[in-house]
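A quick write-up on the structure given underneath.
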Amino acid sequence: MKASELFFPTLREVPSEAEVLSHQLLLRAGFIRKATAGVYSYLPLASRVLKKIMNIVREEMDRAGGQEVILPIVQPAELWKKSGRWEVYGDEMFRLKDRHNRDFALGPTHEEIITTLVDADVHSYRHLPLLLYQIQNKYRDEIRPRFGLMRGREFIMKDLYSFDIDEEGLDVSYHKMYEAYNRIFQRLKLQYRVVEADSGAIGGNESHEFMVLAENGEAEIVYCENCDYGANTEKAVCSLEEPKAAEEEQLEREKVHTPGQRTIQDLLDYMNIPKEKQIKTLIYYADEELVAALVRGDRELNEIKFKNVLGCNQLFMADEAAVKQLCGAGFGSLGPVGLPLKTYIDLEVSQMKNFACGANEDDYHFINVNLGRDFTPAGINDIRNAVTGDSCPVCSAPLYSMRGIEVGHIFKLGTKYSEVLEANYLDQKGREKPMVMGCYGIGISRTMAAAAEQGADENGIVWPLPIAPFEVIIVPVNSKNEEQMQAAWSLYEEFKQEGLETIIDDRDERAGVKFKDADLIGIPLRITIGPRSLQEKQVEIKKRTAKDVELVPLDAVSSRVKLMLKEMSK
RNA sequence: CGGGAUGUGGCUCAGCUUGGUAGAGCGCCUGGUUCGGGACCAGGAGGCCGCAGGUUCAAAUCCUGUCAUCCCGACCA
């Protein structure tokens with residue numbers, strides 16, 4: 001491809017609408033342009049990257065026994081009403097009406113349509129298992145689209161749905177997908193972790209997320225370097241460390257005047273009480289009832305875990321006015337002693353002795369509070385967020401935490417959809433049974449953004465070779481120099497013969513512009529043809545990731561490039 | 001939906017307080033000089049200042065409404 005003909009409008013400055021790195025870079029490098037909030041056009045470079053990602057995904061889905069289908073994006077409301085999700089999905093579903101005033105949705109996901117499809121034509125155990133997948137646009141009218149392609153309203157997604165005769169069958173399908181996903185992300189050359197995930201509203205009993213590691217990913221995960229345990233912090237189990245060897249003696253409880261001291265940090269500064277010797281008292285509305293949650297001063301309450309413990313539908317923080325009325329003190333002076341609420345404490349708190357907390361009287365705290373003697377909890381549960389240094393629930397080694405971008409998510413659905421949508425089959429004995437389903441998604445467009453995010457440096461994107469829009473870019477330093485251009489064109493022809501995906505920067509631009517653009521769009525290898533080396537019948541080869549260049553004789557370039565590419569794809 | 005901010009050539013932004021014929025840099029076009037990390041000189045094209053009302057002799061500027069975009073939060077396969 002000639003750079004002079006390639007449509008890649010690069011920008012020198014960062015468009016003000018872009019906040020996160022991948023968004024900025026994809027805009028600047030001429031990969032995407034916004035049509036409206038959360039909806040983007042993919043320009044030629046992006047199109048090439050997406051195709052490569054899709055092809056890798058496609059190959060692995062096929063290898064795992066999947067069959068590709070193309071499903072409707074415009075879907076009738078009846079299907080969604082039948083599954084109950086017409087209401088459940090709420091405002092997040094793009095809805096439209098046809099000329100007859102009938103309701104439709106733009107598919108946010110395809111469980112309904114595919115289950116109906118399978119139901120219509122699969123009736124026997126003989127035809128199961130069945131693994132069908134699609135790679136298509138999906139639509140979600142996000143409350144707040146953001147981060148460019150990371151959270152769009154229109155996005156490209158691969159979804160595979162598995163249909164099995166029973167749970168054992170589902171286990172097999174799930175495992176196949178688990179393996180396929182690992183192959184995919186390895187082939188994409190992304191740094192990622194598989195983590196246990198909360199299966200959320202979708203239901204099912206097992207679920208894993210595939211997270212591409214990135215500093216400003218939207219999810220926090222913890223993982224173990226000793227074993228392969230990993231989990232979303234929402235889900236990560238905090239096991240209790242061994243009880244302290246020397247039991248501290250219980251001291252007399254004391255009330256201390258602490259004017260204006262409200263936060264954990266305040267108390268540390270004011271009275272030098274370490275955060276680990278304080279407890280945080282948080283008041284929540286669990287549906288209608290006010291309850292208290294206690295965690296150690298330096299910990300964070302995990303609302304999801306807490307909600308699961310309580311088994312309530314809604315959980316949100318109480319407002320200060322209500323708290324003050326009920327407890328007699330504002331947020332900064334709360335504590336469990338004499339608190340007229342059900343009090344749930346974190347496992348860790350149950351181990352603490354002689355700790356400090358609010359006295360339920362403004363500007364007063366207690367010190368040397370002890371569980372049992374001073375208050376009685378309604379429950380002792382794991383209700384805090386896991387953090388770096390916690391011990392792994394599997395092998396007890398220390399856990400590390402990191403941020404990640406969720407690019408894949410696999411679920412066991414069970415019979416949730418097959419039951420309501422009546423996707424049944426007859427087993428060997430002629431009995432009618434619901435199919436057991438799984439669903440397995442990969443955000444294709446999000447994966448592109450995640451790759452850009454993960455690989456970027458100060459000069460631009462650094463694509464992993466397997467998904468780079470082109471493999472090599474040839475840069476003649478001076479397009480008006482015939483000798484250079486001749487060498488460039490002959491290399492270009494040679495590369496083309498060899499099947500290398502090559503750009504030749506034949507634009508009449510200064511060298512600096514060409515180098516900047518080559519770096520920005522992130523081509524893995526750059527061949528520079530300049531007067532210095534050309535005199536010696538040599539050219540320079542530079543990896544996008546390397547600082548230095550390698551001088552290679554003209555007649556050895558193509559074999560050297562092929563070798564380098566081969567090494568890079570290992 | 002709550003809180004905050006912003007809408008001025010393709011991109012980044014100034015001008016608005018104090019109303020008086022719309023600016024800069026980058027990009028684009030022409031010519032020239034340059035040519036190894038986003039060159040320089042000269043000339044040029046391009047904007048009903050988001051939109052609609054209002055105030056005024058006069059509105060990018062003041063007022064009202066509206067739309068859009070972005071950030072934070074709630075939410076989230």
Mind listing the long-range amide H neighbours of residue A:278? Cut-off is under 5 Å, sequence gap 5 or more, other chains count too, H placed in the peptide plane at 1.01 Å from N. A:297, A:356
Work out the length of the dipole vector of the stretch A:421-517 about its Cα centre, built from +1 on the beta-carbon of each Lys and Arg and -1 on the beta-carbon of each Asp and Glu, and round it to the nearest 20 debye. 620
Let's test the formula: R0 of 25 Å, r as the Cβ-Cβ distance of residue A:14 and residue A:219. What FRET efficiency results, to the nearest 0.05? 0.50
Of the heavy-atom accessible surface of chain A (probe 1.4 angstrom), what whole percent is carbon and sulfur? 47
Determine, from the Cβ-Cβ distance of residue A:285 and residue A:485 and an R0 of 45 Å, the FRET efficiency 1/(1 + (r/R0)^6), rounded to the nearest 0.05. 0.05
With just the Cα atoms defining each centre, how far is the stretch A:107-184 from the stretch A:284-359? Give it in Å. 40
The farthest towards the positive end of the charge dipole of chain A, of the residues A:207, A:29, A:556, given +1 on Cβ of Lys and Arg and -1 on Cβ of Asp and Glu, is A:556
Given charges at beta-carbon only (K, R positive; D, E negative), |dipole| of the stretch A:470-568 in Debye: 340
Taking N as the number of residues in the stretch A:440-570, what is its Cα Rg relative to 2.2 N^0.38 Å? 1.08
Taking +1 at the Cβ of each Lys and Arg and -1 at the Cβ of each Asp and Glu, which of A:79, A:14, A:488 sits farthest along the dipole of chain A towards its positive end, judged by Cα position relative to the Cα centre? A:488
Antiparallel content of DSSP bridges confined to the stretch A:254-381, in %, to 5: 65
Roughly how big is chain A's charge dipole about its Cα centre, with Cβ charges of +1 (Lys, Arg) and -1 (Asp, Glu), in debye to the nearest 20? 1560
Charge dipole of chain A built from unit charges on the beta carbon (Lys, Arg +1; Asp, Glu -1), centred at mean Cα; most positive-end Cα among A:96, A:545, A:477 is A:477
Taking Rh as the Kirkwood radius, which is the inverse of the mean 1/r over Cα pairs, what is the Rg/Rh value for the stretch A:370-456? 1.21
Simple SL model, points at 7 angstrom along Cα→Cβ for residue A:478 and residue A:431; separation in nm is 8.5
Which percentage, to the nearest 5, of the DSSP beta bridges contained in chain A is antiparallel? 80
So what J values fall out for the stretch A:549-564 if you push phi through Karplus, 6.51 cos²θ - 1.76 cosθ + 1.60 with θ = phi - 60°, rounded to Hz, Gly and Pro as x? 9, 10, 8, 9, x, 3, 7, 10, 4, 5, 6, 5, 4, 4, 5, 4
So the FRET efficiency between residue A:102 and residue A:247, C-beta based with R0 = 41 Å and rounded to 0.05, is 0.05
Going from the alpha-carbon gyration tensor of chain A, what semi-axes, largest first and in whole Å, does one get by taking the root of 5 times each eigenvalue? 51, 34, 22
Which ³J(HN,Hα) values, rounded to whole Hz and listed in residue order, are derived for the stretch A:261-272 from phi using the Karplus coefficients 6.51, -1.76 and 1.60 in 6.51 cos²θ - 1.76 cosθ + 1.60 with θ = phi - 60°, glycine and proline given as x? 8, 10, 9, 4, 5, 3, 5, 5, 5, 6, 10, 6
Put a dot 7 Å past each Cα toward the Cβ at residue A:354 and residue A:498; how far apart are the dots in nm? 7.3
Restricting things to alpha carbons, find the Rg to Rh ratio for the stretch A:3-103 using the Kirkwood radius for Rh. 1.09
Tell me the relative contact order for chain A as a rounded percent, counting alpha carbon contacts under 8 Å between residues six or more apart. 17
Result for chain A, cysteines with no Cys Cβ partner under 4.7 Å, is A:238, A:312, A:327, A:357, A:439
Go through the stretch A:401-407 residue by residue and turn each phi into a ³J(HN,Hα) via Karplus (6.51, -1.76, 1.60, θ = phi - 60°); whole Hz please, and just put x for glycine and proline. 10, 7, 9, x, 10, 6, 10
Cα gyration tensor of the stretch A:15-63, axes a ≥ b ≥ c as square roots of the eigenvalues: rounded (a/c below 1.5), prolate (a/b > b/c) or oblate? prolate
Antiparallel DSSP beta bridges within the stretch A:470-568, as percent of all bridges there, nearest 5: 50
Any idea of the accessible area per residue across chain A, 1.4 Å probe, to the nearest Å²? 47
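Classify the stretch A:213-328 from the C-alpha gyration tensor, please: rounded if a/c falls under 1.5, else prolate or oblate depending on whether a/b exceeds b/c.
Verdict is oblate for the stretch A:213-328.
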Largest first and in whole Å, give the semi-axes of the stretch A:254-381's equivalent ellipsoid, each being the square root of 5 times a Cα gyration tensor eigenvalue. 22, 16, 13
Under the 7 Å Cα-to-Cβ spin-label approximation, residue A:87 and residue A:396 lie apart by a distance in nanometres of 5.1
Test of understanding: extend the Cα→C-beta vector of residue A:77 to 7 Å, then name every residue of the stretch A:101-126 with backbone N under 14 Å from that spot. A:101-106
Would you give the gap between the C-alpha center of the stretch A:465-498 and the C-alpha center of the stretch A:62-93, rounded to a whole Å? 46
Quick one: which residues, 5+ away or cross-chain, put their amide H under 5 Å from the amide H of residue A:503? H built at 1.01 Å from N. A:472, A:473, A:474
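The values are calculated or read from the model by the stated rules, or taken from the named source; none is laboratory data. Note that the structure is predicted; figures quoted are calculated from it, not measured. Don't worry about glycine lacking a Cβ; one is built from the backbone with ideal geometry, like all the others, and counts go over all protein chains shown. The protein model used for the area step is the full one, side chains on, heavy atoms only, and it has no ligands, DNA or RNA in it. Shrake-Rupley method; radii C 1.70, N 1.55, O 1.52, S 1.80 Å.
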